[in-house]
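The values are calculated or read from the model by the stated rules, or taken from the named source; none is laboratory data. A quick note: this is a predicted structure, and the numbers were derived from the prediction, not measured. Cβ atoms come from the backbone with ideal geometry, glycine included; neighbour counts cover every protein chain shown. For the accessible areas, the whole protein counts, side chains as well, though only heavy atoms, and no ligand, DNA or RNA atoms are used. Shrake-Rupley method; radii C 1.70, N 1.55, O 1.52, S 1.80 Å.
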Amino acid sequence: MRATDEHYMDLALRMGRRNLGATAENPSVGCIIVKDGLIVGRGVTAPGGRPHAETQALAQAGSAAEGATAYVTLEPCAHYGRTPPCCDALIAASIARVVIAVADPDPRTKGKGTERMRAAGITVDEGLCEIEGRADLAGYLSRTERGRPWVTLKMAVSADGMMAEKPGVQTAITQAAALRQSQIMRCQADGILVGAGTVRSDDPSLTCRLPGLEARSPVRIVLGGSAREFGATKLAASAHQVPVWWMGEGETHGDLEAIPCELDQDGRINLPSAMTELGARGIGRLLVEGGAKIAASFLEAGLVDRVVLFTAPGRLGPDGVRAPLELLDGDEFVAAAPIMLGVDEMTVYDRADKK
C-alpha cells in the first residue's frame, strides 16, 4: 500500500509544481483522487490562487469521489476565505480517505482540517512524502512560519569566480542551456529582486522569455535608488504589464510602485525588514539576481535559503568583479552534485540549518 500511496502522492506533487509562482499569496497545491486503482480527478491551485486543487479534482471526479482516496500535498483548508473550506468539500463528496504530505501551518487551518475530516469518518494519513512536499511548498511555508520569503540567490560566474568583466559592465557569462534554466527559475518565483546598480548598468527586463511562459513573469523588485530616477528604463516601460516594486527612496512614479523601507544605522535598506514587507505582500518564493554587492548583502544577512551557482568555463581575468563565493565556504550550506547544462555547470547549495 505504501508504494501505491507514494506513487499517487508523487503525481499530486507534480501537479502542484505546475503553477509554482502563479498562485499569488496561496500555495500551489496538487490533488489526485483515486478509486479502484483509477485516477478519477486531478487538480492544482489555479492561477491567481483560486479555485483550490481539491475542489477542482472533486468537480472532475463527480460521483466517483464517493469512497475514493484523495492525495493532497497540503492539509485541506478549514477556514472560510473567498471560497468555502476544502475539508468540508471532501466530506460532502463522501471521500473515504485523505493522504496529506504537509500539515498546514496557517493557524486558521493548522490541524483543524484533519480533525474535521476524521470527525466525519474519513481516514486521514499525514506526512507521506513530506520532505518533497515541504521543498515544493517552501515559499508558502516560509512566509507563513517565518514571515518572509524563501530566498533563492542565483549567481553566474566565470571559471575564475568573476560576475562581470569590470564594475558596471554588462557581461554575458553563461550559454543557452543555463540561460533557459534561469528563465524557468523566474517563472516559478513570486518575485525577482535586483539592486539599483544592476538596473543602472544593465537596464534589464527581468521577465520570463521562454516561449509560452511569458505570462508567468514574476513581480519585479528593485532594491535601492528611487522610482523617479529610473523612469526611462525597460522596467518602467513594461510596468503596466508586469508589476515593478521599488524598495528605496521617493514616491511611486508612473507605474513604478514605491514601497517604503526601514533603514539601518548606516542609512542602507534594512534587508530583514524588507523581506518581512515582501512576505506581507504575498511574496513566498523570491529569486535574487543582480550583482556581487546584492549577493554578498543577502548572504551576510543570513537571508539566503538556496544558492544556484552557474559556472562557465571561460575566465574574465583579475580586473573582473569577484563573486562572494567565500561566503559559501564552511558549514552553512550543503552543495548537491553539480549538473552540466551544455558547457556550463550548475551547483545547488541549500542552507544546512534550514532556519
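Structural remarks
- Each residue, GLU326 and HIS79, gets one label point 7 Å from its Cα in the Cβ direction; the gap between the two is 4.6 nm.
- Alpha carbon centroid spacing (whole Å) that separates region 38-78 from region 291-355: 39 Å
- Peptides 84-94, 278-288, 106-116 ranked from most to least packed by the mean count of surrounding Cβ atoms within 10 Å: 278-288, 84-94, 106-116.
- Computed 3J(HN,Hα) for region 287-293, one whole-Hz value per residue from the Karplus formula 6.51 cos²θ - 1.76 cosθ + 1.60 where θ = phi - 60°, is 9, 9, 10, x, x, 5, 5, glycine and proline marked x.
- Antiparallel bridges, percent of DSSP beta bridges restricted to the chain (to nearest 5): 40 percent
- Per-residue Karplus couplings for region 336-343, computed as 6.51 cos²θ - 1.76 cosθ + 1.60 with θ equal to phi - 60°, are listed in order as 7, 5, x, 10, 8, 10, x, 8 Hz, Gly and Pro entered as x.
- Overall form of the chain per C-alpha gyration tensor (a/c, 1.5; a/b vs b/c): prolate
- Nearest-0.05 FRET efficiency for GLU145 and ALA96, computed from C-beta distance (R0 25 Å): 0.20
- Expressed as a whole percent, the accessible surface of the chain that belongs to carbon and sulfur atoms is 50, based on a 1.4 Å probe.
- Stretch gain in nm, segment ALA215-SER63, where the contour uses 0.36 nm per residue and the Cα spacing is subtracted: 51.2 nm
- Solvent-accessible heavy-atom area per residue, rounded to whole Å², over the chain at 1.4 Å: 46 Å²
- Using 0.36 nm per residue and subtracting the Cα-Cα separation, the extra length available between VAL334 and ALA24 on full extension is 108.6 nm.
- Packing around the peptides 45-54, 127-136, taken as the average count of other Cβ atoms within 10 Å per residue, puts them in this order, highest first: 45-54, 127-136.
- Shape category assigned to region 148-300 from the gyration tensor of Cα positions, a/c cut at 1.5: rounded
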